[in-house]
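*Asks:* Below: one structure in structure tokens.
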Amino acid sequence: MNRVAVALCAALALAGLGASAGLVLPARWRSAAVGAATVAAGVAGAVAGAAAVSGTGWQVRVAGLLPLAGVTLAVDALAGWFLLLVGGVAAVVGVYTVGYTGRTGRGPAARGALALLPLFVAAMLLVPVAGSVSTFLLAWELMAVTSLLLVLSEHRHSPAVRTAGLWYAAMTQAGFVVILLGLAWLAAAVGGESFAAVRAGAAELSPLVSSGVFLLCMAGFASKAGAVPLHPWLPRAHAEAPSHVSALMSAAMVKLGVYGIVRVAFDLLGGGPRWWWLLLGAVGAVSALYGILQAAVATDLKRLLAFSTSENIGLILLGLAAAGLLAAAGQLAGAGAALAAAFLHTANHAGFKALLFCGAGSVLHATGTRDLDQLGGLSRRMPVTTGLVTVGALGAAALPPGNGFVSEWLLLQALLHQVPAGGTVLTIAAPVAVAVVALTAGVGVATFVKALGTGFLARPRSAAAAAAIESPPTMLAGMGLAAAVCTGLAVVPTVAAPALDRIATGLRVESAPLHGSGIDLRLAGIASSISPLWIAVGVVGIAVGFAAVARAAGRPRRRARAWDCGDGPLTARMEYTATSFAEPLQRVFEDVLAPEQDVDVTHSAESAYLVRAVEYRRRLPDRVESRLYRPVIVAADAVGRAACRLATGSVHRYLAYMLTALVAVLVAGVLR
Amino acid sequence: MSAAWIMAVAQAVLVAAVAPLLVGFTRAVRARLEGRAGGRLVQPWRDLGKQLRKEPLIPADAGMFFTAAPAVLMATSVLVATAAPYLSTRGPLSAGVDLIVVVGLLLLGTAALALAGLDTGTAFGGMGASREMTIAALVEPTLLLSVFALSTRVGSTNLGAIVAAGVSDQARILTPASALAAAALAIATLAEAGRLPVDNPATHLELTMVHEAMVLEYSGRDLALVEWASAMRLTILLGLLANLFVPWGVATSLHPGSVALAAVVFLGKLGVLGGLLAVGEVFAAKLRLFRVPELLAGSFVLGLLAVITSAVLA
């Protein structure tokens, strides 16, 4: 057995051990044991992934493990990348879980909820290593079911959790059905269900079959990835799940939707016509813009992060679409850069989103609220958490020297340098895509300035926020690990170069898309370069230098009352809230967001000119949901009610139905 | 230290030294045109010196972000001033800091200052931060489309390569695409530097101020650092505008003579652009905040046209 096999088996065994520990141990030890097992399983999965991206492959077929098809596992560099990603996120979240779930034994620390956590990690590790259609579908469904149960772990807490669970269950199962149809069609068309057989037979598929399979699979995987318009489950499930589960789902599970698209479209089907990629790019662009606009106006911290997940998935899909489009146009260098951008962004997003969801969990843990309008003042009460969240926010806002900036730079490079020979479609699509990325980045900065500035800085806006205390060390340690990974990816992104080389070679685009020393980041076939290390050292070094010189040259600072126009001390009510911060953006994008606002003015009884009270209400419903999903739900509901009338409970009626059906079948048989 | 590093440091020092003078110059031109006597050219430098001697106050509820923001803003300005090709295209950071990084660094400075505004806990700070981030978000597409238009003709976003190509092949600059990109970038520069008609640097009126609202609570050396860095941002942006579209005079070697000549030419270009800015500001009124997106949408369309024109003509 090779390294991949050993590490992978160890990961699955450790996850099983963790699950049984969660079931049998008393509440005092449960969190620590499950957390430790999750960390160990994550590390083992990451080791398997690291071995796979450095060139060790592994294949095995166990015929007897499942009836009919057996289990086929196959690990290549592509699978290794996602193993590494899932394993890394699981290790970080495992450490965090110990402190977050605590010893209460209730809610997320209940027996079942804790036992499911390692199983969820194991299912996520199985998805990328599945080597046949049936094994893949099994792992996919296992992942869906375990994550659904974890989302529901606080179902007694609020009805919103149950609604979120319902949405997630419905959408993930619909997605599963679509993927099942697509992959089954594919397997039937090539006459074999192992991925190797599909790959070999894909060249002979008719365009109808391959395009049909692409559309079905893309719909299913995009809904798992949270791409607009298949996203409505995501802001609910991510917001209502316990935060360590949100972190796992947003940082790791959602990426497996991306994995599915890459596996099917690039690997199994071997690329496709231009319209596939234009469609994928359009979905990506809409997701990026709509996601970040909704995040910019969200006041619920976890909902904000969930919509930012949609945005980042949009950017990743845009990168994949650019890679496919450029590969179809024969521009392999650009395709390599775009693919590298998409893959690096999966890792970067996993890093900063795990960190930010854990940070949101710490805030929730300390204050009991996720509403940014009720928070504030945490930077003095939770300094370490605030510092770590700042690292994550820097990455999420795609500002240098954060890690998100590097992958956005790569994506922009891929889009910028393709115009001259690309034909009309690329000439139009590339600048539009650049504008989308730019607007997304700009609004993203505003969003995370809002999240950090109103959530953590200045004065607390509620008693709960004023009473916040710093999180326990295990939670800080988990977040610290994630912050360290983010910093590493930000400063030396070239560590990913060998892995990206193998993935790109496997997917038949330019090999070695990234290269350069540890300091410079260079691209194959594109003359641009940056050195993230120099940028980071420059910004930090010069800032520290100026602060030190100013401190030495000037007088010491003194605390004083802020300028309050001479009218008493400022209160928290006078601070800008998240709602008011986002108001200009909400106004600028009013046509997209369609906010519902009410202003009620109550006049004094004596005179209509005297105002007694003003009440302002704003609601920002998800427009895609209300326009696209509500009508479908209403229609389904109506059909269901109409169908109710068919089943009155009368046995005679049912016998009549059966007789009619039998006669119909017989008639059909005779006529045939 | 190699010659390239000496040149880069000299360039940063030059930008830092000239920036307050450029502000003083635009104020003086404005004052003359408006029939006032106005302050002297070195008045901004004197103000900085005075602020440095005063005691810095921090609001009771502000934290680390408030005290760190001036240094971060200054760091972004200094890094761009070191890396951009103002004097020579052979800078030491030419391969490490490209045009996209410059855009990102400027945005980082904006974000740091916006966080500081929120950290004060006053309504003014939040208001300024909110407005500034809205404008910054909307400027971003124009900036990157201009980058696109500029980088297409050389196949790289590296600043040194773009300016060097302009110096060596001047016919490539005088194209319709360049003119459109220059117009787009000029509007974006006004918005980024907080000048009329987007923001009025001379006002402290609650209803209209953007940048000044964010920095209202700064005093003493912190205020000096913020004002100095902001003046440097204006110099950096005008300098970039000048050297990207009118690259004549920029040295393509590290020869001291040509670098010195480049410095003189650079100062001349800054003077002309600063004068134009001041003249324009005399005749322009500030736009209402919610009319600014229309202006920026206009600049975005110019940028898009620039990219498509350059692709069609290529």
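The values are calculated or read from the model by the stated rules, or taken from the named source; none is laboratory data. Note that the coordinates shown come from a computational prediction; the quantities given were computed from them, not determined experimentally. Every residue, glycine among them, receives a Cβ derived from its backbone with ideal geometry; neighbour counts consider all protein chains shown.
*Asks:* Tally up the residues in segment A:560-574 that are more than 42 Å from the chain's Cα centre (by Cα) and surrounded by fewer than 14 Cβ atoms within 10 Å (Cβ to Cβ), please.
*Replies:* Matching residues across segment A:560-574 total 6.
*Asks:* Is at least one residue of segment A:215-224 within 26 Å of the chain's Cα centre (by Cα), surrounded by fewer than 20 Cβ atoms within 10 Å (Cβ to Cβ) and of a type in the set (S, T, Y)?
*Replies:* No, segment A:215-224 contains no residue that is within 26 Å of the chain's Cα centre (by Cα), surrounded by fewer than 20 Cβ atoms within 10 Å (Cβ to Cβ) and of a type in the set (S, T, Y).
*Asks:* Can I ask one more? What do you reckon, is B:L190 within 21 Å of the chain's Cα centre (by Cα), of a type in the set (A, V, I, L, M), farther than 29 Å from B:A112 by Cα and surrounded by 21 or more Cβ atoms within 10 Å (Cβ to Cβ)?
*Replies:* For B:L190, the condition - within 21 Å of the chain's Cα centre (by Cα), of a type in the set (A, V, I, L, M), farther than 29 Å from B:A112 by Cα and surrounded by 21 or more Cβ atoms within 10 Å (Cβ to Cβ) - is not met.
*Asks:* Report the residue count in segment A:530-553 for those that are surrounded by fewer than 15 Cβ atoms within 10 Å (Cβ to Cβ) and either hydroxyl-bearing (S, T, Y) or modelled with pLDDT under 90 (or both).
*Replies:* Going through segment A:530-553 one residue at a time, the tally reaches 3.
*Asks:* Only residues that are touching a residue at least 12 places away in the same chain (Cβ under 8 Å) and out of contact with any strand residue (DSSP E or B) (no Cβ under 8 Å at 6 or more places or on another chain): list them for segment B:161-176, please.
*Replies:* Correct list: B:I162, B:V163, B:A164, B:A165, B:G166, B:V167, B:S168, B:Q170, B:R172, B:I173, B:T175, B:P176.
Yes/no per residue for (1) basic (K, R); (2) touching a strand residue (DSSP E or B) at 6+ places or on another chain (Cβ under 7 Å); (3) closer than 30 Å to A:L439 by Cα:
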| residue | (1), (2), (3) |
| --- | --- |
| B:L234 | no, no, yes |
| B:L244 | no, no, yes |
| B:A251 | no, yes, no |
| B:L254 | no, yes, no |
| B:V259 | no, yes, no |
| B:G268 | no, no, no |
| B:A284 | no, no, yes |
| B:F290 | no, no, yes |
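*Asks:* Might you let me know whether segment B:281-295 holds any residue that is surrounded by 20 or more Cβ atoms within 10 Å (Cβ to Cβ) and within 17 Å of the chain's Cα centre (by Cα)?
*Replies:* yes
*Asks:* Considering only segment B:34-62, state which residues are surrounded by fewer than 21 Cβ atoms within 10 Å (Cβ to Cβ), within 14 Å of chain A (Cβ to nearest Cβ) and either modelled with pLDDT under 90 or under 30 Å from A:M574 (Cα atoms) (or both).
*Replies:* B:L52, B:R53, B:K54, B:E55, B:L57, B:A60, listed by residue number.
Conditions (1) within 14 Å of chain B (Cβ to nearest Cβ); (2) free of Cβ contacts under 8 Å to residues at least 24 places away in the same chain, marked per residue:
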{"position": "A:P460", "(1), (2)": "yes, no"}
{"position": "A:A465", "(1), (2)": "yes, no"}
{"position": "A:A482", "(1), (2)": "no, no"}
{"position": "A:V492", "(1), (2)": "yes, no"}
{"position": "A:A496", "(1), (2)": "no, no"}
{"position": "A:D501", "(1), (2)": "no, yes"}
{"position": "A:L507", "(1), (2)": "no, no"}
{"position": "A:I530", "(1), (2)": "yes, no"}
{"position": "A:I535", "(1), (2)": "yes, no"}
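*Asks:* Now for a different question. If you check A:A27, A:A69, A:A63, A:A46, which single one turns out to be out of contact with any Cys (no Cβ under 7 Å at 6 or more places or on another chain), at pLDDT 90 or above and in the same structural domain as A:F195 (by TED's automatic domain parsing)?
*Replies:* A:A46
*Asks:* Right, here's the next one. Return the only residue of B:S94, B:S77 being hydroxyl-bearing (S, T, Y), buried (at least 24 other Cβ atoms within 10 Å of the Cβ) and at negative phi.
*Replies:* B:S77
*Asks:* Still on this structure, I have one more. Output the number of residues of segment B:273-296 satisfying the condition of being in a helix (DSSP H, G or I) and free of Cβ contacts under 8 Å to residues at least 12 places away in the same chain.
*Replies:* Residues meeting the conditions: 5.
*Asks:* Residue under question is A:A446, and the condition is that it be part of a helix (DSSP H, G or I), touching a Phe, Trp or Tyr at 6+ places or on another chain (Cβ under 9 Å) and either in contact (Cβ under 8 Å) with a residue 24 or more places away in the chain or at the interface with chain B (Cβ under 9 Å from one of its Cβ atoms) (or both); does it hold?
*Replies:* yes
*Asks:* Separate question: Look through A:A296, A:A327, A:A288, A:A321 and report the one residue that is without any contact (Cβ under 8 Å) to a residue 60 or more places away in the chain, hydrophobic (A, V, I, L, M, F, W, C) and in a helix (DSSP H, G or I).
*Replies:* So the residue among A:A296, A:A327, A:A288, A:A321 that is without any contact (Cβ under 8 Å) to a residue 60 or more places away in the chain, hydrophobic (A, V, I, L, M, F, W, C) and in a helix (DSSP H, G or I) is A:A321.
*Asks:* Checking A:Q586 against (1) surrounded by 11 or more Cβ atoms within 10 Å (Cβ to Cβ); (2) at positive phi: exactly one of these is not met. Which one?
*Replies:* Here A:Q586 meets the rest and fails (2).
*Asks:* Take A:G87 and tell me if it is at pLDDT below 90 and either over 18 Å from A:A252 (Cα atoms) or surrounded by 24 or more Cβ atoms within 10 Å (Cβ to Cβ) (or both).
*Replies:* no
*Asks:* Something else about it: Only residues that are touching a residue at least 40 places away in the same chain (Cβ under 8 Å) and within 7 Å of chain A (Cβ to nearest Cβ): list them for segment B:77-96, please.
*Replies:* B:V78, B:L93, B:A95
*Asks:* So, one more: Of A:A398, A:A414, A:A393, A:A441, which residue is without any contact (Cβ under 8 Å) to a residue 60 or more places away in the chain, more than 8 Å from chain B (Cβ to nearest Cβ) and among the aliphatic types (A, V, I, L, M)?
*Replies:* Exactly one of A:A398, A:A414, A:A393, A:A441 is without any contact (Cβ under 8 Å) to a residue 60 or more places away in the chain, more than 8 Å from chain B (Cβ to nearest Cβ) and among the aliphatic types (A, V, I, L, M), namely A:A393.
*Asks:* Restricted to segment B:175-224, and to residues that are among the hydroxyl-bearing types (S, T, Y) and within 14 Å of chain A (Cβ to nearest Cβ), which residue is nearest to B:F65 (Cα to Cα)?
*Replies:* The extreme case among them is B:Y218.
*Asks:* Hey, can you tell me all the residues within segment A:545-564 that are within 7 Å of chain B (Cβ to nearest Cβ) and assigned to a helix (DSSP H, G or I)?
*Replies:* Listed by number, the residues that qualify are A:F546, A:A547, A:A550, A:A553.
*Asks:* Does A:A433 satisfy the criteria of being assigned to a helix (DSSP H, G or I), within 9 Å of chain B (Cβ to nearest Cβ) and not β-branched (V, I, T)?
*Replies:* Spelling it out, it is not the case that A:A433 is assigned to a helix (DSSP H, G or I), within 9 Å of chain B (Cβ to nearest Cβ) and not β-branched (V, I, T).
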